[in-house]
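Below: one structure, written as structure tokens.
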Amino acid sequence: MITGKTKTLGIIGWPVSHSFSPNMHNAAFAALELDYIYVPLPVHPDHLGAAVAGLKTLGFVGANVTIPHKVAIMPFLDELDASAKLAGAVNTIVVKNGRCIGYNTDGQGFIKSLTAQNYTIVGKTAVLMGAGGAARAVVGGLLQNGIKEIIIGTRSLIKAQEFVDLFPGETLLKGYDWQQESFSHALEKCDFLINCTPIGMSSHKAEELPISLERVKKEAVICDLIYNPPLTELLKEAQLRGHRVINGAGMLVEQGALAFELWTEESAPRHIMSEVLSKAI
Ligand code: NAP
């Protein structure tokens, strides 16, 4: 029941109709009997500043931010938490005392999704495919949680190098064009591989996997940030080769749960959020 006291949250994106976050958060509020509502907020890129001002004017307590606004929204916020600075992007806003504070829960959400599967990254070598916003958040999470080495593979050496330069003074990162022979060698060290590109998404055109798993040792875990479909071509191929696989559903739930906890200061009902997400997918 929405009352005069109901607190409002939403998700800012363009478009947002595909988002499962309203399903996940509204179910979580209902389960804990918290008086909040979470709505889709389609915002055209030209109106991002007005949308942030609107959050304050309309008394929102916070919001999530999704594609394509995670980076572009940063200059409009009053303050950035260390998580947002490290990730170079914002996926969560908390409105406090009339100020919009930007956070990023994607990196920690990814780490927590691994922990939930009893996988620890301490002392491991990670290989990432892709060097976009999600990769940056994941690298932030890895660096804060005891990773030994991070290898970035992309379709362009220049982009891989530019990505590495985003972490000045960081010696654990190396960037490659994934067609280079040296990248194939690097794959031999891989303890877990993470697809941070949209290759394999149900809305993305089908294309061949850009890297081969031939040189990846059998014990390596293969992760995909994609959750729709639950098993991408990469994960299917990995399963056939006997690897353990993890998709992006756990990360989606965990990044949402961390945002929920920032807004409400209550522990998020992760099992409910996960159930709702599985049904929605
Ligand atoms: P992004 O910022 O657009 O970055 C995409 C990266 O993939 C870039 O490095 C891009 O390279 C590369 N790429 C795109 N299309 C490619 C292709 N056809 N071949 C080779 N490389 C390609 O996107 P993002 O926000 O990082 O998101 C990446 C993926 O993570 C998406 O599938 C998204 O749904 C998923 N994600 C999941 C969660 C979760 O909670 N599970 C959270 C965030 C993101 P170029 O720069 O060369 O184009």
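The values are calculated or read from the model by the stated rules, or taken from the named source; none is laboratory data. Since this is a predicted model, take the numbers as computed values, not measurements. Cβ placement follows ideal geometry from the backbone for every residue including glycine, while neighbour counts extend to all protein chains displayed. Only protein heavy atoms, including side chains, enter the accessible area calculation; ligands, DNA and RNA are left aside. Shrake-Rupley method; radii C 1.70, N 1.55, O 1.52, S 1.80 Å.
Out of the range 159-171, which residues are assigned to a helix (DSSP H, G or I), away from the ligand (no atom under 11 Å from the Cβ) and surrounded by fewer than 16 Cβ atoms within 10 Å (Cβ to Cβ)? Let's see the steps before the verdict.
Initially, the range 159-171 is screened for residues assigned to a helix (DSSP H, G or I), giving 159-165.
Now restrict to residues that are away from the ligand (no atom under 11 Å from the Cβ): 161, 164-165.
Of everything in the range 159-171, just one residue is assigned to a helix (DSSP H, G or I), away from the ligand (no atom under 11 Å from the Cβ) and surrounded by fewer than 16 Cβ atoms within 10 Å (Cβ to Cβ), namely Asp165.
Can you pull out the residues in the range 100-118 that are under 20 Å from Glu265 (Cα atoms) and either of a type in the set (Val, Ile, Thr) or free of Cβ contacts under 8 Å to residues at least 24 places away in the same chain (or both)? If the condition is that a residue be under 20 Å from Glu265 (Cα atoms) and either of a type in the set (Val, Ile, Thr) or free of Cβ contacts under 8 Å to residues at least 24 places away in the same chain (or both), then Ile101, Thr105 are the ones that fit. Screening Tyr227 on (1) among the hydroxyl-bearing types (Ser, Thr, Tyr); (2) modelled with pLDDT of 95 or more; (3) surrounded by 15 or more Cβ atoms within 10 Å (Cβ to Cβ) shows it passes everything except condition (2).
For the range 136-155, the set of residues classified as within 13 Å of the ligand (Cβ to nearest atom) and touching a helix residue (DSSP H, G or I) at 6+ places or on another chain (Cβ under 7 Å) consists of Arg136, Ala137, Val138, Gly140, Gly141, Ile152, Gly153, Thr154, listed by residue number. Scanning the range 178-193 turns up no residue that is near the ligand (Cβ under 10 Å from one of its atoms), farther than 14 Å from Ala126 by Cα, in contact with a His (Cβ under 9 Å, 6 or more places away or on another chain) and touching a residue at least 12 places away in the same chain (Cβ under 8 Å). Taking the conditions (1) within 11 Å of the ligand (Cβ to nearest atom); (2) closer than 25 Å to Asn118 by Cβ; (3) open to solvent by 20 Å² or more (accessible area, probe 1.4 Å) in turn, Thr232 satisfies each one other than (3). When you scan the range 203-215, do you find a residue that is open to solvent by less than 30 Å² (accessible area, probe 1.4 Å) and more than 15 Å from the ligand (Cβ to nearest atom), even just one? Looking for residues that are open to solvent by less than 30 Å² (accessible area, probe 1.4 Å) and more than 15 Å from the ligand (Cβ to nearest atom), one finds at least one in the range 203-215, hence yes.
Table: residues versus (1) open to solvent by less than 20 Å² (accessible area, probe 1.4 Å); (2) touching a residue at least 24 places away in the same chain (Cβ under 8 Å).
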{"site": "Glu33", "(1), (2)": "no, no"}
{"site": "Tyr38", "(1), (2)": "yes, yes"}
{"site": "His44", "(1), (2)": "no, yes"}
{"site": "Lys56", "(1), (2)": "no, yes"}
{"site": "Ala72", "(1), (2)": "no, yes"}
{"site": "Asp81", "(1), (2)": "no, no"}
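Among the residues making up the range 7-39, those that are more than 18 Å from the chain's Cα centre (by Cα) and either on the phi > 0 side of the Ramachandran plot or in a helix (DSSP H, G or I) (or both) are Asn26, Ala27, Ala28, Phe29, Ala30, Ala31, Leu32, Glu33. Which of the residues belonging to the range 130-158 are out of contact with any Asp or Glu (no Cβ under 9 Å at 6 or more places or on another chain), part of a loop (DSSP other than H, G, I, E, B) and crowded, with 19+ Cβ neighbours inside 10 Å? Within the range 130-158, Gly130, Ile147 qualify. Only residues that are β-branched (Val, Ile, Thr) and assigned to a helix (DSSP H, G or I): list them for the range 214-269, please. Once the filter is applied, which keeps residues that are β-branched (Val, Ile, Thr) and assigned to a helix (DSSP H, G or I), the range 214-269 yields Val253, Thr264. Across the range 83-97, which residue is nearest to Pro168 (Cα to Cα) among those that are open to solvent by less than 50 Å² (accessible area, probe 1.4 Å) and either over 16 Å from the mean Cα position of the chain (by Cα) or basic (Lys, Arg) (or both)? The extreme case among them is Val94. Considering only residues in the range 99-129 that are within 15 Å of Gly140 (Cα to Cα) and of a type in the set (Val, Ile, Thr), the one that is surrounded by the most Cβ atoms within 10 Å (Cβ to Cβ) turns out to be Thr105.
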